[in-house]
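The values are calculated or read from the model by the stated rules, or taken from the named source; none is laboratory data. Bear in mind the structure is a predicted one, so any value in this text is a computation, not a measurement. Cβ atoms come from the backbone with ideal geometry, glycine included; neighbour counts cover every protein chain shown. Surface accessibility is based on the protein's heavy atoms, side chains included, excluding ligands, DNA and RNA. Shrake-Rupley method; radii C 1.70, N 1.55, O 1.52, S 1.80 Å.
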Amino acid sequence: MGEPNIFSKGFYTIILLLALDDFTKRTTSTSSSLFYPYGSLSNDTTAPKSDDGVNGPITLSTKLTLFGNASTIIYVNNNGLLSFNASIAAYTPKKLPELNGSNPFVAPFWADVNNAVAGDIYYRQSNDTDLLSRATSDICSYFSLPTFSATWAFVATWSNVAYFGSTASSSTVNTFQAVLITNASLTFAMFNYASIHWTTGTSSGGDSKGTGGTPALAGVNSGYKVGYYQIASSLTSEIINISSTSNVNVPGRWVFKLDKLYPEDPGGIIGKTKLTKLL
């Protein structure tokens, strides 16, 4: 489905923003043991409330090796993606591989988020000892890397976020998280999912309940014809059940190793196709 004209979506957003004065802010919950700590008590930055917003470029305090290249900046895109060379405001997900060459991304839940209606987006980079100890333990338990020791992490959390076309009175919200973990050589991306109640914004063909149309996508993308992985339920109605699925036998958690061109899970290389030409 083609993108709508900018006026129609922008006008709808203005109406919703005017309604915010009567909206009671949702509280942040970190009750799920699956999630790494987030929110104001974790010294996160809180993204401005907006539709299709972008936060960045954020300069990283370490070089992050992704798909065989070094990244030094990151963008936290409201629509459920972290990108590494440029922002991504697109709100309708596309089947991977997305051939943009110079802009790899990881997408815990690429869909039309509108946290101007409800929810908060938090992010931080961290060298906190407790956080890194937890990250080290998790990665060592999933991969055969007994000597791995995390030195840096980036935590981005979409907490109780609404979809475009939702209303301030709706209780249909999603909570999910992406965690990047590195030891300055190896790099991992972890996706954590709590409550997932919608899949699609109305500008992506969804209905008033946040379903139908072109549903959300979860995956990782190098920007080339190879070096990508799309979680199987992506772009289908089944993505709403992602919090009960996993590639590490922990429902609601997916983990990928991303320092080389081809992403890996604990079973080895995934999503590998014949290398023809890098675009």
Checklist line | Residues of the range 196-212 satisfying the condition of being surrounded by fewer than 19 Cβ atoms within 10 Å (Cβ to Cβ) and either touching a residue at least 24 places away in the same chain (Cβ under 8 Å) or in a strand (DSSP E or B) (or both) | finding: HIS197, GLY205, SER208, LYS209, THR211, GLY212
Check: Within the range 220-238, can you find the residues that are in contact (Cβ under 8 Å) with a residue 60 or more places away in the chain and either in contact with a helix residue (DSSP H, G or I) (Cβ under 8 Å, 6 or more places away or on another chain) or at negative phi (or both)?
Finding: VAL220, ASN221, SER222, TYR224, LYS225, VAL226, TYR228, TYR229, GLN230, SER234
Margin query: I'm checking my understanding of the structure. Among residues of the range 65-74 that are open to solvent by less than 40 Å² (accessible area, probe 1.4 Å) and not polar (S, T, N, Q), which one is farthest from the chain's Cα centre (by Cα)?
Written below: PHE67
Margin query: Just the residues that are open to solvent by 10 Å² or more (accessible area, probe 1.4 Å), assigned to a loop (DSSP other than H, G, I, E, B) and of a type outside the set (Asp, Glu), please, taken from the range 116-144.
Written below: ASN127, PHE143, SER144
Check: Quick one: would you say THR172 is among the polar types (S, T, N, Q), open to solvent by 10 Å² or more (accessible area, probe 1.4 Å) and in a loop (DSSP other than H, G, I, E, B)?
Finding: yes
Notebook entry, point to check: When you go through (1) touching a strand residue (DSSP E or B) at 6+ places or on another chain (Cβ under 8 Å); (2) more than 12 Å from GLY271 (Cβ to Cβ); (3) of a type outside the set (Ser, Thr, Tyr); (4) open to solvent by 40 Å² or more (accessible area, probe 1.4 Å) one by one for GLN230, which number turns out not to apply?
Noted result: (2)
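Answer yes or no as to whether ASN77 is open to solvent by 60 Å² or more (accessible area, probe 1.4 Å), out of contact with any Leu (no Cβ under 9 Å at 6 or more places or on another chain), under 22 Å from GLY227 (Cα atoms) and not β-branched (Val, Ile, Thr). Reasoning before the result, please.
Values: open to solvent by 60 Å² or more (accessible area, probe 1.4 Å): no; out of contact with any Leu (no Cβ under 9 Å at 6 or more places or on another chain): yes; under 22 Å from GLY227 (Cα atoms): yes; not β-branched (Val, Ile, Thr): yes.
Against the criterion (open to solvent by 60 Å² or more (accessible area, probe 1.4 Å), out of contact with any Leu (no Cβ under 9 Å at 6 or more places or on another chain), under 22 Å from GLY227 (Cα atoms) and not β-branched (Val, Ile, Thr)), ASN77 does not qualify.
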Next item on the list: Go through the range 145-158 and count every residue that is open to solvent by 40 Å² or more (accessible area, probe 1.4 Å) and either touching a residue at least 24 places away in the same chain (Cβ under 8 Å) or of a type in the set (Lys, Arg) (or both).
Entry: 3
Check: Do you know which residues across the range 42-65 are under 18 Å from TRP110 (Cα atoms) and basic (Lys, Arg)?
Finding: LYS49
Next item on the list: Considering only the range 113-143, state which residues are aliphatic (A, V, I, L, M) and under 17 Å from PHE35 (Cβ atoms).
Entry: ILE121, LEU131, LEU132, ALA135, ILE139
Item checked: Total residues in the range 97-115, condition open to solvent by 10 Å² or more (accessible area, probe 1.4 Å), modelled with pLDDT of 95 or more and hydrophobic (A, V, I, L, M, F, W, C) -> 0
Notebook entry, point to check: Do any residues in the range 36-57 that are closer than 17 Å to GLY80 by Cβ and among the basic types (Lys, Arg) have Cβ atoms under 7 Å from those of residues that are in a helix (DSSP H, G or I) and open to solvent by less than 10 Å² (accessible area, probe 1.4 Å), where the two are at least six apart or on different chains, and which pairs are they?
Noted result: none
Next item on the list: Hey, can you tell me all the residues within the range 239-256 that are open to solvent by 20 Å² or more (accessible area, probe 1.4 Å), in contact (Cβ under 8 Å) with a residue 24 or more places away in the chain and in contact with a strand residue (DSSP E or B) (Cβ under 6 Å, 6 or more places away or on another chain)?
Entry: SER243, TRP254
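Looking at SER83, SER61, can you tell me which residue is at pLDDT 95 or above and surrounded by fewer than 19 Cβ atoms within 10 Å (Cβ to Cβ)?
On inspection, the qualifying residue turns out to be SER61.
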